[in-house]
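For reference, the structure is listed below as structure tokens.
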Amino acid sequence: MMKNKIARTFEEYYRIYRESVQDPEGFWSEIANSFEWRKPWDKVLEWDFMKPEVQWFIGGKLNITENCLDRHLKQKGDQTAIIWEPNDPKQPSLHISYKELHVRVCQFANALKNNGIEKGDRVCIYMPMVPELAVAVLACARIGAVHSVVFAGFSSRSLSERINDSTCKMVVTSDGGYRGDKILRLKDIVDEALLECPSVEKCIVLERTGESIEMEDGRDIWWDDAMEGMTDFCEPEIMDSEDLLFILYTSGSTGKPKGMVHTCGGYMVYTTYTFLNTFQYKPNEVYWCTADIGWITGHSYIVYGPLCAGATTMMFEGVPSWPDLGRFWETVDKHKVNIFYTAPTAIRALQKADPALVEKHDLDSLRVLGTVGEPINEEAWHWYHDKIGKGNCPVVDTWWQTETGGFMISPIAGLTPTKPAFATLPMPGVQLAIMDQDGKEEKGNVVEGRLCIKFPWPSMARTIYGDHKRFYDTYFSGFSKKYFTGDGCRRDEEGYYRITGRVDDVIIVAGHNLGTAEIENAIDEHENVCETAVVGFPHDIKGNAIYAFVNTYHKPKDEEALKGEILDLVSRIVGPIAKPEKIMFVSGLPKTRSGKIMRRILRKVAEGNTQDLGDISTLLNPDIVEELIDENIR
Ligand code: WT7
């Protein structure tokens with residue numbers, strides 16, 4: 001049973017952890033036994049990190065939506081599954097019960113079928129944070145279609161690239177979305193993207209803003225029309241444990257985004273277990289994760305984990321800063337939120353706001369606070385703990401990735417003694433290794449190095465869609481027989497882990513994972529730009545911001561105008577989130593002899609730390625460094 005794998009004391013955590021390492025298969029099959037399977041698995045685990053190949057619950061048959069919905073109907077049919085809080089606090093919020101959600105998911109699943117979607121087809125979902133987004137996700141899972149949710153802040157170019165990479169047959173979108181006082185015209189973006197997407201046959205469009213949009217005959221269908229006459233039950237497609245559940249794109253350090261593939265059985269077991277264990281969720285509590293369903297956090301810990309656990313999960317359409325910076329706290333009180341899970345970038349922004357915006361709210365319902373997305377600085381941790389949690393709520397700093405599917409390192413709420421900025425200890429079943437420069441595991445306690453994982457866990461990504469070689473190269477080639485996370489990490493005398501940030505070319509800006517290559521490509525499209533290198537530098541609110549070093553063909557006549565054009569390009573091609581905070585025009589970039597850009601030096605310049613540039617003698621063009629330093633001072 002899952003129950004006795006959920007720790008209730010800190011000692012119990014250690015006991016459970018040890019058990020999970022000594023007998024992983026016994027451990028995970030006991031947990032998996034508390035789910036509904038149409039057919040039990042024949043074998044728990046098969047793996048080989050050299051290939052890499054990982055399979056869990058082999059031969060097991062299930063449908064994840066039966067676990068998220070059907071099995072709760074008897075006991076919890078009338079309990080709220082989703083609380084929806086709209087962008088505008090003056091508009092009514094919605095409470096959707098498990099019964100209602102089940103009906104809506106079944107109806108939309110039937111609508112998908114009716115529009116030609118079958119098991120295995122890819123469906124792209126590009127929607128604002130409205131309940132229909134969760135419905136669309138679950139409806140795909142109901143019929144075995146593979147969803148690919150694209151965050152509705154991405155540009156048409158990013159959207160079409162993702163649609164084409166996995167040859168989606170359908171797009172589900174809305175006319176638009178509200179974000180604070182702005183309206184996003186999502187359907188316009190989809191229309192532009194679809195000019196380049198030959199695989200898309202149908203586009204279902206939810207009406208949200210009511211603004212006028214184009215509807216293309218034969219391709220576009222209104223959501224309400226698609227739902228018309230659909231019956232309220234849809235027989236779930238029986239899936240194999242290892243059938244695809246979804247694809248979710250994450251930025252890579254080179255080239256195009258990586259379509260991470262997650263499969264049904266292991267993902268379900270792991271997200272549900274970690275949700276219950278980490279937050280110590282109790283029946284009837286209200287849980288609010290502020291992420292967007294466009295990111296893995298929303299997939300695993302707004303939709304699948306909480307719903308499989310029979311929890312009440314909240315979806316928030318708006319932004320933390322509108323109508324004012326007190327919106328989160330007002331909403332916590334309004335819905336008596338017990339567990340609140342957000343990102344350091346939001347915490348830092350709210351910390352800078354007028355304290356009265358916090359103080360005028362009770363926040364008494366809060367029991368657990370969570371953070372995710374990037375290392376949380378100590379100052380923000382203390383503010384969150386003291387001012388929001390009033391010193392009574394454990395802060396769970398959950399370290400994980402799109403690729404891991406679920407929490408990897410995190411305190412267990414109320415049990416693990418916390419330490420600011422430490423993600424603390426591995427979840428049961430997670431076997432970590434810190435590797436040194438030479439690729440050897442550092443066995444001692446107080447060590448620093450690259451963070452790897454040396455044993456499979458059920459929710460790990462199985463491949464990169466359409467590119468298994470890239471999956472191997474990115475994650476399994478650096479350290480033999482280990483999954484390399486891309487993060488640096490320290491372990492202290494207590495065995496606690498502190499994540500020190502990315503060691504590759506991914507920059508995390510305000511919790512969004514951006515590939516340097518994507519942004520560089522965009523800037524390079526300008527006719528006067530010959531080459532660009534982008535690095536991150538520390539930023540008070542966003543954690544990191546982007547610094548672009550741009551090598552132009554001709555010395556720009558009007559630097560400000562060119563900067564404006566570059567910002568527009570990045571906005572249009574990658575999305576506004578990727579806009580550089582600073583741009584420097586240079587006559588060349590520091591390069592190694594093999595032609596690789598020396599980002600290490602650019603990072604130092606961006607940080608304003610030009611005293612300590614390290615060895616520059618191996619550079620092809622050492623003179624350029626002086627120019628960078630002079631420009632930076634200027
Ligand atoms: C990268 C993964 C997992 C959901 C959101 C991001 C960084 C994530 C933490 C944390 C320090 C963190 C890592 C990781 N990260 N959580 N608690 N402490 N760093 O998912 O977009 O796949 O990004 O986010 O660098 O590798 P993602």
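Per-structure values
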{"read-out": "Length-normalised contact order of the chain in % [C-alpha pairs under 8 Å, at least 6 apart]", "value": "12 percent"}
{"read-out": "P(r) histogram, all alpha-carbon pairs of segment 510-633 included - 10 Å bins from 0, percent", "value": "13, 46, 35, 7"}
{"read-out": "DSSP bridge orientation in the chain - percent antiparallel, rounded to nearest 5", "value": "60 percent"}
{"read-out": "Helix-only mean residue ellipticity at 222 nm for the chain, each DSSP H run of n ≥ 4 adding -39500 (n - 2.57), per residue, nearest 500", "value": "-8000 deg cm²/dmol"}
{"read-out": "Assigned charges on the beta-carbon of Lys, Arg, Asp, Glu; segment 1-96 dipole about Cα centre (debye)", "value": "260 debye"}
{"read-out": "Global geometry of segment 23-77, whether rounded, prolate or oblate, following the gyration tensor of its Cα atoms and the 1.5 cut on a/c", "value": "prolate"}
{"read-out": "Alpha carbon convex hull of segment 394-483, volume per residue in cubic angstrom", "value": "107 Å³"}
{"read-out": "Length-normalised contact order for segment 510-633 - Cα pairs under 8 Å, 6+ apart - percent", "value": "23 percent"}
{"read-out": "Built amide H within the under 5 Å cut-off of Thr463, gap 5+", "value": "Val261"}
{"read-out": "Prolate/oblate/rounded label for segment 90-130 (Cα gyration tensor, a/c 1.5)", "value": "oblate"}
{"read-out": "J(HN,Hα) series, segment 312-317, from Karplus relation 6.51 cos²θ - 1.76 cosθ + 1.60, nearest Hz, glycine and proline x", "value": "9, 10, 9, 10, 10, 7"}
{"read-out": "Where chymotrypsin sites (Phe, Trp or Tyr not before Pro) fall in DSSP loop in segment 500-577, at most 13 other Cβ within 10 Å", "value": "Tyr553"}
{"read-out": "Only Lys, Arg (+1) and Asp, Glu (-1) charged, at Cβ; segment 510-633 dipole about Cα centre in debye", "value": "400 debye"}
{"read-out": "Given charges at Cβ of Lys, Arg, Asp, Glu: the chain dipole, positive-most of Gly318, Ile597, Ala346", "value": "Ala346"}
{"read-out": "Calculated FRET efficiency for the pair Ser199/Glu527, C-beta based, R₀ 35 Å, to 0.05", "value": "0.65"}
{"read-out": "Size-normalised alpha-carbon gyration radius of segment 205-331, reference 2.2 N^0.38 Å", "value": "1.33"}
{"read-out": "Phi-based couplings in Hz for segment 373-378 (Karplus 6.51, -1.76, 1.60; Gly and Pro marked x)", "value": "x, 6, x, 8, 6, 4"}
{"read-out": "Amide H partners (placed H, <5 Å) of Trp222, local residues excluded", "value": "Val205"}
{"read-out": "Cα-based shape type of segment 102-216, given that a ≥ b ≥ c are square roots of the gyration tensor eigenvalues and the cut on a/c is 1.5", "value": "oblate"}
{"read-out": "Longest to shortest principal axis, alpha-carbon extents of the chain, angstrom", "value": "73, 63, 55"}
{"read-out": "Approximate shape of segment 23-162 as ellipsoid semi-axes (Cα gyration tensor, √5λ), whole Å, largest first", "value": "30, 23, 16"}
{"read-out": "Which of His262, His361, His72 has the fewest Cβ neighbours within 10 Å, and the rest in rising order", "value": "His361, His72, His262"}
{"read-out": "Selection from Phe27, Ser160, Ala533, by position along the positive dipole direction of the chain (Cβ)", "value": "Phe27"}
{"read-out": "Cβ-based exposure ranking for Met427, Met268, in which fewest neighbours within 10 Å come first", "value": "Met427, Met268"}
{"read-out": "Charge-dipole axis of the chain as Lys and Arg at +1 and Asp and Glu at -1 on Cβ define it, positive-most pick from Gly515, Thr500, Leu194", "value": "Thr500"}
{"read-out": "Rounded to whole Hz, the Karplus (6.51, -1.76, 1.60) HN-Hα couplings of segment 350-365, x for glycine and proline", "value": "6, 5, 7, 6, 4, x, 4, 5, 8, 4, 6, 10, 5, 6, 6, 6"}
{"read-out": "Orientation-averaged projected area, Cα convex hull of segment 238-309 (nm²)", "value": "5.9 nm²"}
{"read-out": "Dipole in debye (nearest 20) - the chain, about Cα centre, beta carbon charges: Lys, Arg +1; Asp, Glu -1", "value": "1520 debye"}
{"read-out": "Likely footprinting exposure, Arg122, Arg18, fewest C-beta neighbours within 10 Å first", "value": "Arg18, Arg122"}
{"read-out": "Under 5 Å, built H, 5+ apart or other chain: amide partners of Tyr249", "value": "Met260"}
{"read-out": "Sites Glu631 and Glu379, calculated FRET efficiency, Cβ-Cβ separation with R0 25 Å, nearest 0.05", "value": "0.20"}
{"read-out": "Extension reserve of the Asp324-Asp473 stretch, reckoned as 0.36 nm per residue once the Cα distance is removed", "value": "49.1 nm"}
{"read-out": "Where labels lie 7 Å past Cα in the beta-carbon direction, separation of Lys557 and Thr167 in nm", "value": "4.9 nm"}
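Only the coordinates and a few stated rules stand behind these numbers; no lab work does. In this text, all values refer to a predicted model and were calculated from it rather than measured experimentally. A quick note on method: Cβ atoms are made from the backbone with ideal geometry, for glycine too, and the neighbour counts reach across all protein chains shown.
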